[in-house]
Each structure stands twice: as C-alpha cells, then as structure tokens.
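K.L.:
I'd like to ask some things about the structure below.
The values are calculated or read from the model by the stated rules, or taken from the named source; none is laboratory data. In this text, all values refer to a predicted model and were calculated from it rather than measured experimentally. All Cβ positions, even for glycine, are placed from backbone atoms using ideal geometry, and neighbour counts span all protein chains on display. Keep in mind that these areas ignore ligands, DNA and RNA; they rest on the heavy atoms of the full protein, side chains included. Shrake-Rupley method; radii C 1.70, N 1.55, O 1.52, S 1.80 Å.
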Amino acid sequence: MRVLIAGAGIGGLTAALALHAVGVEAVVLESAREIRPLGVGINLLPHAVGELTRLGLDGELARLGIATRENLYCDSSGARLFSEPRGLAGGYQHPQYSVHRGRLQTMLLSAVRARLGEDAVRTGMRVEGFDQDADSVRVGISGRERPIEADLLVGADGVHSVVRAQLHPGEGPLLWSGVRMWRGVTRMNPFFDGRTMVIVRGSGDGDAELIAYPIGPASVNWVALVPVGEPGPLPGDAHWNRPGRAEDLLPLFDWNLGWLDVAELITRSEVLLEYPMVDRDPLPHWGHGRVTLLGDAAHPMYPVGANGASQAVVDARVLATELSGGSPAGLARYEGIRRDATAEVIAANREMQRTGGTRSPRELARITETYRRRTTAQGA
Ligand SMILES: Cc1cc2nc3c(=O)[nH]c(=O)nc-3n(C[C@H](O)[C@H](O)[C@H](O)COP(=O)(O)OP(=O)(O)OC[C@H]3O[C@@H](n4cnc5c(N)ncnc54)[C@H](O)[C@@H]3O)c2cc1C
C-alpha cells in the first residue's frame with residue numbers, strides 16, 4: 001500500500017515514520033521549496049513523547065528539548081499563585097519537552113530521509129486537490145500536468161488545508177477567541193531551575209498574559225496573549241510567519257517580576273511573530289473513501305493546552321496502527337478513534353481559555369486538574 005501525505009509538518013513527518021515502522025510505504029509532498037526551521041517554541045506532552053520514543057527518537061528529543069518540570073502561575077508582581085508538576089515530575093511515564101518547532105521538524109525530516117530514503121519527502125510540491133475512485137486516489141500538484149497516483153491520501157497540510165477544503169467546502173473563516181498572540185525567542189539565561197514554564201497574569205479582568213519557558217540552556221521562548229476583540233469568525237487571515245512589533249506590546253507588559261525582566265525579554269527577542277488564537281469546530285467526519293486528514297488540518301485547536309503538535313503525533317501513530325493490516329478500511333477506524341478524542345481536546349482548550357483569567361490558587365488547581373483528566377485519556 002502506498003500513502004501520499006500532503007504536508008511535511010510535525011504531523012506529516014511523524015506519520016511517514018510511523019507508517020514506515022509498520023511496513024507501509026509513505027511519500028510526503030511539501031509545498032515549501034525548502035524546509036527551514038521556522039516558528040518558535042512548542043511543547044510535546046508526555047503522550048506524544050511516548051509515541052516518538054517508540055519510534056526510537058527519544059535520544060534526539062532529549063538532546064533537542066528541555067524536559068519541563070513545572071508550570072508556575074504568578075501575578076504581575078512575580079508572586080507565586082500556584083504550581084503544577086509536569087512530565088516525569090507530574091507522574092507521567094514520559095517527559096514533557098519544550099522544543100523549537102523548526103528544530104523538531106528538521107530532526108523528523110532527517111529521520112524520514114534516513115529511514116525511508118531521500119526521495120520520501122518531495123519539496124516544492126503544492127497539493128491542489130484530488131480525485132478518487134474505488135481503486136486509487138490521484139493527487140494534483142501545482143504546475144504539474146500529471147497527477148500522482150497512490151492508494152491513499154492523508155491531508156496533513158495544516159490550518160489552511162487544501163485537502164480539508166475539498167472534503168468540506170464552504171466551511172468559512174477560522175474561529176477566533178478574540179486574543180492575539182505575539183511570540184518570540186530571546187537568548188538569555190532562564191529563570192528558576194531552567195525547566196519551569198511560567199504563566200503570568202495581569203491584575204484585572206481581560207488583562208494580558210505572558211507565558212515563558214526555556215527551549216534551550218540559554219534560550220527562552222515567550223508568548224504574549226492580549227485580548228483585543230470579541231470571539232467570532234476571524235476577520236482577516238492567520239499567517240504563522242507574520243512579523244509583530246515590540247512597540248505594540250511593551251506598554252501592556254510594564255511588569256516587574258523580580259526574576260524576569262519582561263521588557264528585556266520582548267525587546268531582545270531574536271524573532272517576533274504575531275498570530276491570532278484560532279480553531280475550528282470539530283468536523284462531523286474527516287474524510288471519505290481513500291482520503292483523510294491529520295493534525296491541524298483535521299482539528300485546529302487553541303494552543304492553550306500546548307496540545308496541537310502532540311495530538312498530531314498521536315494521530316500519526318493511530319493512523320499507522322490502523323493501516324498496518326494493509327487495507328484502506330483502516331482509515332475509517334483511525335477516524336473513529338481520533339475524531340471524538342480530538343474533539344474533546346478542542347472543547348477542553350476552549351474551556352481552559354474561557355476560565356483562564358482566574359487568579360485563585362484553588363480554582364487554578366481545579367482547572368488544571370480538569371484539563372489533565374479530560375485530555376490525558378485522549379493521548380491513548
Ligand atoms: C511555518 C510554521 C510555523 C509554525 N510555528 C508555530 C509556533 O511557533 N508555535 C506553535 O505553537 N505552532 C506553530 N506552528 C503550528 C504547529 O506546527 C502545528 O500546530 C502542529 O505542529 C501540528 O502540525 P501539523 O503537521 O498538523 O501542521 P503544520 O505544522 O502547520 O504543517 C503543515 C505543513 O503542510 C505544508 N502545506 C500546507 N499546504 C500544503 C499544500 N497544499 N501542499 C503541500 N504541503 C502543504 C506546510 O508548508 C507545512 O509544512 C507553525 C506551523 C507552520 C507551518
């Protein structure tokens with residue numbers, strides 16, 4: 001069986017590795033001419049680290065990332081409100097890693113090329129659409145007359161998925177929480193033990209929030225979340241690489257935390273990107289016949305639970321398990337397992353975003369525990 005995967009993001013590359021591990025041939029078609037280490041930091045939760053460990057990538061991950069030990073909630077004077085142990089310290093079987101997204105993607109790309117062959121990832125191949133019948137699927141590529149034929153197509157082409165748009169025409173704009181996020185990475189010594197993620201809240205309702213965590217020994221990733229509008233359909237568009245401006249942020253973050261100079265964190269950032277907090281409602285079905293979706297293409301979600309990349313990795317393993325028997329019928333079983341599970345994570349992230357403004361330690365304990373319970377099972 002030969003599977004085409006649209007998109008060489010975290011989800012598409014992991015799917016190629018997982019399919020190869022069960023003896024299914026995979027080819028990844030990526031629209032970018034060159035895969036460069038773009039983005040800033042992301043988190044891999046223990047359920048995703050477990051999957052990547054089973055693919056033999058645990059050593060690489062440990063070298064790439066920081067094993068996060070604690071989430072610490074603080075107010076804007078730097079005082080501790082509540083702390084939640086994470087990864088091994090939180091009783092999980094595997095660590096949680098904070099990593100640079102682009103470096104993780106590059107590591108997965110090298111693993112795919114080493115295991116599946118150089119030609120397994122084809123860049124400069126923008127998927128335009130597909131048609132299918134009982135025997136095969138044919139995938140159209142921009143600028144090429146002849147489609148590529150295969151047994152199955154997996155749309156892992158991200159939040160603006162072309163495969164999803166063909167499967168579900170007329171879905172409308174992304175759904176916006178009303179929050180804009182500025183993201184950056186600053187070379188500086190991390191705070192506390194170098195393994196702590198801090199979540200700092202302004203003092204009033206609707207105030208800005210800052211999340212910061214180390215992704216290397218001298219590298220701190222940060223996200224500034226600022227409510228600027230009402231939730232609803234996103235006006236405009238969402239681009240991962242849109243630059244942001246420090247001037248827009250600094251007046252909102254004149255906080256003196258004592259252990260972190262927030263103005264320095266923002267002004268010395270090596271990159272500064274801006275992105276709206278968006279998701280979509282869960283789909284009633286992902287694909288049909290010989291075509292399905294994976295990762296952000298299937299279930300874009302708010303990043304509040306740090307679950308986006310992790311859920312894509314779990315999708316990849318379940319897809320491979322269900323296709324290991326060599327029958328396209330495995331696609332329906334994959335969707336059956338993953339669709340409800342990821343819908344639950346979308347809902348849990350929305351709930352976390354809605355209730356996230358609380359500063360009461362007791363409420364924070366309840367919210368984080370509820371999130372953990374609702375989403376840990378979805379890693380299975
Ligand atoms: C450039 C970029 C930067 C990002 N930066 C961050 C970040 O800093 N923080 C964060 O939390 N999340 C970031 N993300 C999103 C994050 O990677 C995903 O939420 C998560 O990892 C799930 O990954 P995915 O593989 O489903 O989708 P993605 O990581 O979005 O990967 C999708 C891939 O498909 C490719 N593609 C798109 N359309 C087509 C097409 N028609 N044909 C072929 N290929 C196509 C894209 O170029 C991309 O490589 C970024 C995504 C991208 C693409």
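K.L.:
From the set of residues in segment 109-137 that are assigned to a strand (DSSP E or B) and away from the ligand (no atom under 15 Å from the Cβ), which is nearest to A165 (Cα to Cα)? Working first, answer last.
P.N.:
Let us first name the residues in segment 109-137 that are assigned to a strand (DSSP E or B), namely 121-122, 127-132, 137.
Within this subset, residues satisfying the condition of being away from the ligand (no atom under 15 Å from the Cβ) are 131-132.
Working: D131: 13, Q132: 16 Å.
So, considering only residues that are assigned to a strand (DSSP E or B) and away from the ligand (no atom under 15 Å from the Cβ), the one nearest to A165 (Cα to Cα) is D131.
K.L.:
Can you pull out every residue in segment 183-215 that is closer than 14 Å to L81 by Cα, of a type in the set (G, A, S) and open to solvent by 10 Å² or more (accessible area, probe 1.4 Å)?
P.N.:
Passing the criteria: only S203.
K.L.:
Listed residues L72, L88; which is farther than 20 Å from E34 by Cα, open to solvent by less than 20 Å² (accessible area, probe 1.4 Å) and among the aliphatic types (A, V, I, L, M)?
P.N.:
Working: L88 fails: open to solvent by less than 20 Å² (accessible area, probe 1.4 Å).
Answer to the check: L72.
K.L.:
Just checking, how many residues over segment 288-302 are among the small types (G, A, S) and open to solvent by 10 Å² or more (accessible area, probe 1.4 Å)? Can you show your working first?
P.N.:
Applying the first criterion (among the small types (G, A, S)) to segment 288-302 yields 289, 295, 297-298.
Checking the rest, the ones that are also open to solvent by 10 Å² or more (accessible area, probe 1.4 Å) come to 289.
Number of matching residues: 1.
K.L.:
Which of the following residues is within 15 Å of the ligand (Cβ to nearest atom), of a type in the set (A, V, I, L, M) and closer than 30 Å to V179 by Cβ: V291, V345, V318, V262? It would help to see each step written out before you state the result.
P.N.:
Working: V291 fails: closer than 30 Å to V179 by Cβ; V318 fails: closer than 30 Å to V179 by Cβ; V262 fails: within 15 Å of the ligand (Cβ to nearest atom).
When all the criteria are applied, what remains is V345.
K.L.:
Can you run down the residue pairs with Cβ atoms below 7 Å, 6 or more apart or on separate chains, where the first is in segment 208-235 and under 15 Å from S177 (Cβ atoms) and without any contact (Cβ under 8 Å) to a residue 60 or more places away in the chain and the partner is of a type in the set (S, T, N, Q) and open to solvent by less than 20 Å² (accessible area, probe 1.4 Å)?
P.N.:
P231/S177
K.L.:
Could you go through segment 93-101 and let me know if any residue there is of a type in the set (S, T, N, Q), away from the ligand (no atom under 16 Å from the Cβ) and without any contact (Cβ under 8 Å) to a residue 60 or more places away in the chain.
P.N.:
Keep residues of segment 93-101 that are of a type in the set (S, T, N, Q), which gives 93, 96, 98.
So of that shortlist, the ones also away from the ligand (no atom under 16 Å from the Cβ) come out as 93.
Restricting the remaining residues to those that are without any contact (Cβ under 8 Å) to a residue 60 or more places away in the chain gives 93.
Yes: segment 93-101 contains one or more residues that are of a type in the set (S, T, N, Q), away from the ligand (no atom under 16 Å from the Cβ) and without any contact (Cβ under 8 Å) to a residue 60 or more places away in the chain.
K.L.:
Exactly one condition in (1) open to solvent by 60 Å² or more (accessible area, probe 1.4 Å); (2) free of Cβ contacts under 8 Å to residues at least 60 places away in the same chain; (3) over 20 Å from L38 (Cβ atoms) is false for G140; which is it?
P.N.:
Unmet for G140, out of (1) open to solvent by 60 Å² or more (accessible area, probe 1.4 Å); (2) free of Cβ contacts under 8 Å to residues at least 60 places away in the same chain; (3) over 20 Å from L38 (Cβ atoms): (1).
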